[in-house]
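Read the structure below first, then the notes.
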Amino acid sequence: MSKLTATVLAFFALPVITALALQSPPDTAPASPQSAPANADDAAKPTGDATKPTGDATKPTGDAAKPTGDAAAKAEFTMTSPAFKNNERLPVEYSTDGENVSPEVAWTNAPAGTKSFALICHDPDAGQFIHWIAWNIPADCKGLPRGLKRAATLDEPKGMRQGFTGWGKSKGEGYLGPAPGKGSGDHHYTFTVVALETEFPADKVFTARELRSAMKGHVLGKAELVGIFSR
């Protein structure tokens, strides 16, 4: 081959070789733009549900969720009877038409510091007529049994005192039951037990008015029970 021919071939072959070289891939590909965080702050942020507390981790458990001490409601001082329910009929046996005996009564949740109880039964529909008053009922007493003895002082409960009713001294001390006028409608016989932070001298005698006056300033709590009776 002549020098002239070789020179011409080299002149045309050089651009082809250069073009092929430019199309060859580099030995190492650059990282994809989607594989790296946009900035350093995003790289430090937790993603997905990793930022949320799960399950019961957000709820107090067990007794931690319950109020304690003064936050809990205090039990109410209440009075009940197995003979009748509050604001229901008082059985005839507890009236002057029947056996004329005192009904069994009970009370619960007496206030702390109670040293004695007093009890008054009256009829507000007959001018506050008194059917029973008692005082110096022992602090550990939880109620009174049916048919208590009619006397000024009792041995059971020990030391309990009773006073006169609205009928006066002629009928003696102790309970006397309902005797409403015929056709006068329903009467509401209200039994009230009073928790006191004191007790009275053993020989002290009261009328209902005097007892109410003596209790002033000493009352820790009251509970009531109402029996309805009519003729």
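Bear in mind these aren't lab numbers, they're just calculated from the coordinates by the rules spelled out. As the structure is a prediction and not an experimental result, all values here were calculated from the model. All Cβ positions, glycine included, derive from the backbone under ideal geometry; neighbour counts span all protein chains shown.
Taking only the Cα atoms of the range 77-229, the ratio Rg/Rh comes out at 0.94, with Rh defined as the Kirkwood radius. Under the convention that each Lys and Arg Cβ holds +1 and each Asp and Glu Cβ holds -1, the size of the dipole of the range 77-229 around its Cα centre is about 260 debye.
The calculated FRET efficiency for ASN87 paired with ALA151, based on their beta-carbon distance and R0 = 25 Å, is about 0.25. Taking the number of Cβ atoms within 10 Å of each Cβ as an exposure proxy, the fewest-first ranking of ILE133, ILE120 is ILE120, ILE133. Residue order for VAL101, VAL194, fewest other beta carbons within 10 angstrom first, comes to VAL101, VAL194. Each of CYS121, CYS141 has some number of other Cβ atoms within 10 Å of its Cβ, and from fewest to most they run CYS141, CYS121.
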